[in-house]
Protein chains: 2
Amino acid sequence: MAAVDRSLVANLPMFAGLSPAEQDELLREARSIRYPKDTAVFDQGAEAARFFLLLHGHLRVEKTTSQGQQSVVRYVSAGELFGVAQAMNLTHYPATAVAAVDSIALAWPSSSWQRLIVKYPSLAASALQTVGSRLQDTQARVMEISNEQVEQRVAHALLRLAKQAGRKVDTGVEIDFPISRQDIAEMTGTTLHTVSRVLSAWENEGLVEGGRQRIILRDAHRLHALAEGEEAIQSRKRSS
Amino acid sequence: MAAVDRSLVANLPMFAGLSPAEQDELLREARSIRYPKDTAVFDQGAEAARFFLLLHGHLRVEKTTSQGQQSVVRYVSAGELFGVAQAMNLTHYPATAVAAVDSIALAWPSSSWQRLIVKYPSLAASALQTVGSRLQDTQARVMEISNEQVEQRVAHALLRLAKQAGRKVDTGVEIDFPISRQDIAEMTGTTLHTVSRVLSAWENEGLVEGGRQRIILRDAHRLHALAEGEEAIQSRKRSS
DNA sequence: CAGGGAGCTTGAGCTGGCGCAATCTCCGGC
DNA sequence: GCCGGAGATTGCGCCAGCTCAAGCTCCCTG
């Protein structure tokens, strides 16, 4: 239960409205926990005993249906609140969160939630915004999956990932954590095979550059055009 | 600006934690507005000037992409909070809300939101829960659209509608507002044509009973089986 | 440094459901 | 009571993307 230094979190929106003393007090109630790559922070269906703030790393949040089909709901990056099931009156986590890389999170007991939001109203506001923007994202995904072709959806997904967790490298922007074709398929509602084909094609055109669980966007601009449906698609069709 | 009687709203969860005097005060700040069928309560992209509580009727919430594709995001029933864009820090409404039948809503100015949640914390909790359960629903929809066949998705959609706005009639449960095949298509990420075919087939099997903008579920149990993928599908295939 | 396995690629064939188009039916307005 | 139009139905052809299947490559482990 390492003590957490205020400087790690002071400039997160969640802590913005609070005095240093208040920040310290909030942090005193939290535990800092390390999650090695591929370990679960919590499991779908488990009792929602805690809520979290990711300090470092990246998590993959996935959901499995009763029939066993899995989808990647989203990725969590450092600074984000997550596992706030309790705030929405859920007693159990609706999804599983797995560390995509070695990660560190602050954990508060869910039972403190009620008390904390009364004492620190900015916490409620933060949660509302977190959940709100997550809702926006999810609705955007519904529209994408219903209305767009696979290529566009994959392009959108990559651009979103790059925005959220992109790291500049010499040939473009690399997604800053290991992500498999399977993961992308589960984000876009398609299959591993189709994603692989799409990325191969893009690689030939110099749009992206890939590898085992690695993706680098080389031409975000053209990808964006693709995502919006401005069919630069023709070129490839002819070249085949 | 009709005065609103407390009795209309007193047993909604949103008002549950408040004293009658507080309820009255909250209501004093609201206007009650009538929306005839097919009129918009607010439009996607418009400035989020107010937030609402639906007192009576049903609204269809729809979203249009920049490319002009439309989806039905959800239906709002009486008692629900909606248009709380401001609470999630959006300055503009992300979707359009249209009265599916003649409806009545309470409207508060968005500018009051901050003040009101400080004064009535249960309002924030309510909003958080509203948004939270909406997020759950939307995520469930993503999983359905990605993993299920059209038939299952339509079955799920009908069952959800019936649960939310079902009215018992002698032959089964009728959805309590006009809803077209097109609307269902836009909820399930498919086309008018496919929905029509599915419903026709089901009608022949006695599962549902339809009409112009009307749907009655005659056999919710078998529909549920269908939705869960327990293929009673075979029977129809053979009989064709 | 060899062996195994996870992740990826690629081919071939099939099909669910979409696009298009024609027709029908019912409701509301005049 | 008739007409117009929105909503619904249905047939047909097609293709994007899925399924099934095989093989490859790189990384990690021992």
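Looking at the structure I just gave you, is B:L116 open to solvent by less than 10 Å² (accessible area, probe 1.4 Å), within 17 Å of the chain's Cα centre (by Cα) and either among the small types (G, A, S) or farther than 30 Å from A:Q149 by Cβ (or both)? Against the criterion (open to solvent by less than 10 Å² (accessible area, probe 1.4 Å), within 17 Å of the chain's Cα centre (by Cα) and either among the small types (G, A, S) or farther than 30 Å from A:Q149 by Cβ (or both)), B:L116 does not qualify. Restricting A:S146, A:S180 to those that are within 16 Å of DNA strand D (Cβ to nearest atom), within 25 Å of A:L81 (Cα to Cα) and of a type outside the set (D, E, K, R) reduces the list to A:S180.
Kindly evaluate A:L123 against the criterion of being more than 30 Å from A:R214 (Cα to Cα) and open to solvent by less than 10 Å² (accessible area, probe 1.4 Å).
Values: more than 30 Å from A:R214 (Cα to Cα): yes; open to solvent by less than 10 Å² (accessible area, probe 1.4 Å): yes.
Here the answer is yes, as A:L123 does meet what is asked.
Checking the conditions here, which among B:V195, B:V208, B:V131, B:V154 is assigned by TED's automatic domain parsing to the domain that holds B:A78, at negative phi and either within 10 Å of DNA strand D (Cβ to nearest atom) or open to solvent by less than 20 Å² (accessible area, probe 1.4 Å) (or both)? Walk me through it before giving the result.
On the way: B:V195 fails: assigned by TED's automatic domain parsing to the domain that holds B:A78; B:V208 fails: assigned by TED's automatic domain parsing to the domain that holds B:A78; B:V154 fails: assigned by TED's automatic domain parsing to the domain that holds B:A78.
Sole residue among the options that is assigned by TED's automatic domain parsing to the domain that holds B:A78, at negative phi and either within 10 Å of DNA strand D (Cβ to nearest atom) or open to solvent by less than 20 Å² (accessible area, probe 1.4 Å) (or both): B:V131.
Being open to solvent by 20 Å² or more (accessible area, probe 1.4 Å) and closer than 19 Å to B:F82 by Cα is a property that B:D170 lacks.
Among the residues of the stretch A:40-66 satisfying the criterion of being of a type in the set (K, R) and more than 14 Å from chain B (Cβ to nearest Cβ), which is least open to solvent (accessible area, probe 1.4 Å)? Talk me through it step by step, then tell me what you get.
The initial filter retains those residues of the stretch A:40-66 that are of a type in the set (K, R), namely A:50, A:60, A:63.
Okay, now just the ones that are also more than 14 Å from chain B (Cβ to nearest Cβ), so A:50, A:60.
On the way: A:R50: 81, A:R60: 35 Å².
Going through the qualifying residues, I end up with A:R60.
Residue check: is A:T138 touching a Ser or Thr at 6+ places or on another chain (Cβ under 6 Å) and not hydrophobic (A, V, I, L, M, F, W, C)?
On the way: touching a Ser or Thr at 6+ places or on another chain (Cβ under 6 Å): yes; not hydrophobic (A, V, I, L, M, F, W, C): yes.
Against the criterion (touching a Ser or Thr at 6+ places or on another chain (Cβ under 6 Å) and not hydrophobic (A, V, I, L, M, F, W, C)), A:T138 qualifies.
Can you tell me how many residues within the stretch A:159-187 are in a helix (DSSP H, G or I) and either more than 15 Å from the chain's Cα centre (by Cα) or within 13 Å of DNA strand C (Cβ to nearest atom) (or both)? Residues that pass the stated criteria total 7.
Tell me whether the stretch B:20-29 contains one or more residues that are open to solvent by 60 Å² or more (accessible area, probe 1.4 Å), more than 20 Å from the chain's Cα centre (by Cα) and touching a residue at least 12 places away in the same chain (Cβ under 8 Å). Within the stretch B:20-29 (the criterion being open to solvent by 60 Å² or more (accessible area, probe 1.4 Å), more than 20 Å from the chain's Cα centre (by Cα) and touching a residue at least 12 places away in the same chain (Cβ under 8 Å)), the answer is yes, since at least one residue qualifies.
From the list A:S180, A:S200, A:S196, the one residue that fits, being at pLDDT 95 or above, more than 14 Å from chain B (Cβ to nearest Cβ) and in contact with a Lys or Arg (Cβ under 6 Å, 6 or more places away or on another chain), is A:S196.
Looking at the stretch A:134-145, which of its residues are surrounded by fewer than 18 Cβ atoms within 10 Å (Cβ to Cβ) and more than 7 Å from chain B (Cβ to nearest Cβ)? The answer is A:D137, A:A140. Report yes if some residue within the stretch A:84-101 is polar (S, T, N, Q), more than 10 Å from every other protein chain (Cβ to nearest Cβ), surrounded by fewer than 16 Cβ atoms within 10 Å (Cβ to Cβ) and in contact (Cβ under 8 Å) with a residue 60 or more places away in the chain; otherwise report no. Within the stretch A:84-101, none of the residues are polar (S, T, N, Q), more than 10 Å from every other protein chain (Cβ to nearest Cβ), surrounded by fewer than 16 Cβ atoms within 10 Å (Cβ to Cβ) and in contact (Cβ under 8 Å) with a residue 60 or more places away in the chain. On inspection, B:R141 qualifies as away from DNA strand D (no atom under 16 Å from the Cβ), within 20 Å of the chain's Cα centre (by Cα) and basic (K, R).
The values are calculated or read from the model by the stated rules, or taken from the named source; none is laboratory data. Nothing here was measured: the structure is a model prediction, and the numbers come from that model. Neighbour counts run over all protein chains shown; Cβ positions are idealised from the backbone, glycine included. Note: accessible area is taken over every heavy atom of the protein model, side chains too, but ligands, DNA and RNA are not part of it. Shrake-Rupley method; radii C 1.70, N 1.55, O 1.52, S 1.80 Å.
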